[in-house]
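S.K.: Quick one: this structure, given as structure tokens, is what I'll be asking you about.
The values are calculated or read from the model by the stated rules, or taken from the named source; none is laboratory data. Values in this document were obtained by computation on a predicted structure and should not be read as measured data. Every residue, glycine among them, receives a Cβ derived from its backbone with ideal geometry; neighbour counts consider all protein chains shown. Only protein heavy atoms, including side chains, enter the accessible area calculation; ligands, DNA and RNA are left aside. Shrake-Rupley method; radii C 1.70, N 1.55, O 1.52, S 1.80 Å.
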Amino acid sequence: MSESTPESSHSNKKRLIRTGTLSAGVLLIVALLAIVNYFGWKYHHRFDLTQSHLYTLSETSLNVLHKLDRDVEAVVLLSPQDRQIYDPVKELLDRYAAASPRFKVRHLDLEKNPREAQQLVQKYGIKSAGVVIASGNDRRAIDKADLANFDFSGMQMGQAPQMTGFKGEQLFTGALVQLTEGHKPKLLFTTGHGEASLDDQNPGGLGTIPEILGRDNYNLEEWSSLGKPAVPDGTDLLVIPGPKSSFLQPELDAISAYLAKGGRVLLLLDPVLGQGGTGLAQTGFGPWLAGFGVRQGDDIVVDPSNPLPFFGPETIFAKSYGEHPTTRPMQQAGLPVLFTLARSIGKAGGEASPSSTYDVTSLVQTSPAGWGETNLTDLSRVEKDAADLAGPVSLAVVVTPKGAGDKPETGKPEPSRTRLIVVGDSDFASNQLLRANEANSVLVLNLLNWLVERDELVGIPPKKTEQTKLTLTGDQLKSVWLLIAMLPLFAITAWFCVADGLQAVLMG
């Protein structure tokens, strides 16, 4: 039997070390991959590198998700080819699912799965593409057209519409709140006094309000108050949108009784010129509002310090806000609200005047250079004088009973839930201005949600989208692809260098 030579023994040792080094390296790589995947699964985090934090969930949405007490499924009925709307919807809903194990997402391509899509259309009663948020037998359908704001100005030059604001979080979180509540607030809009209509799609109508609220999120009805002894039971909010003629005393008494029982009212009062142009028409709300500590101005507010092209001084870009949840998002974002032909609405007796019954807080004001014009006989010559209301002029107020925000002490009754908001303009909620200015939509949504005590939905505005493009020349693009191709080669070369070094150490 032949004995092994020193040379063969050295070769075997070298082969054994090389095999062991390679095996150890493979095992080390596998272990590292396992550790990385484990920590990635257990402690994963989704980053949002968009400038506007388009996909970052607000604290409001996270709180709603953490409190979910039932399973919820989001069914996405959109085509992946429609990248402009599909991508943000998918990314945002995936973040909802990551935040709560009770929230599931299912994507269904309408073109590739027409049979299943048709079944869901029949099941949920939806009529077009969009997103369905469902729990049990209840559901909320969100139409594709309601998910974003688009700029169509470039279509005349053959360009595709550009998304300017994404409203996904606002609508998805709203649907979750409504599903968990199991209640659709009932909103009544008065008629019979020249008010704007919910069905009116003209510039001065209110047809956009049902769209921004979500078609399934509220019960919106119109109600003729004339001759009715009381506001109907079950009314969560009474909206009086810009009456042109006077409310009679029995109607005012019915509204007062409704508020006394903890009702909520949104009153929009335009300055309507009376016959002959000698003053403003009376709607009956001046003395009525005085009982709540509110002053209704018989004036037209102007603010020349914030001029708008092609508009007169009666059109106001107001960006000075009072401290209140409904206006805080606009104040933080620096978003101005657009008013046109507004009257002053402020605290009776001035801002320093105390009230023993109600708290009156101004929501929106003009700049200090604005004023309330009281000389309405010649509106072609508007000049500030001593008889006018000096600025800053309040355009809207919120009224709550004293102590309504305090926690009741033991043995004492809970304060009334009465909430009243008065705005000196109804046009800010019209189709024209809601479509023209993002802050108007945010303010309308916040006012309505706060009034029906959906405080958790106040402050989720539409988020601006980014149209960011990276332009590379042909040589730059080749360099990028070359770098990508070289990365694996660099890794392999580095591994062999380390392996050879380790082998030399072990054999040394």
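S.K.: With r defined as the distance between the Cβ atoms of Gln162 and Asp233 and R0 fixed at 45 Å, what FRET efficiency is calculated, to the nearest 0.05?
M.R.: For R0 = 45 Å, the calculated efficiency reads 0.45.
S.K.: Right, another one. With a 1.4 Å probe and all protein chains kept in place, how do Met486, Met163 rank by accessible area, largest first?
M.R.: From most accessible down to least: Met486, Met163.
S.K.: Using a 1.4 Å probe and counting only protein heavy atoms, arrange Arg106, Arg83 so the residue with the most accessible area comes first.
M.R.: Arg83, Arg106
S.K.: Write out the trypsin sites (Lys or Arg not before Pro) in segment 194-300 meeting two conditions: DSSP loop, and at most 16 other Cβ atoms within 10 Å of their Cβ.
M.R.: Filter output for segment 194-300: Arg215, Lys244, Lys261.
S.K.: Please give me the summed charge of the neighbours of Ser61: other residues whose Cβ is under 10 Å from its Cβ, Lys and Arg +1, Asp and Glu -1.
M.R.: Here the count lands on -2.
S.K.: Further question on the same structure: Of the cross-linked pairs Lys112/Lys144; Lys186/Lys228; Lys104/Lys184; Lys90/Lys186; Lys319/Lys347, which ones have a Cα-Cα span greater than 21 Å in the structure shown?
M.R.: Going by Cα-Cα distance, Lys104/Lys184; Lys90/Lys186 fall outside the 21 Å limit.
S.K.: Quick check: residue separation of Ala390 and Asp109 times 0.36 nm, minus the Cα distance between them. What number comes out in nm?
M.R.: Between Ala390 and Asp109, full extension yields 95.2 nm more.
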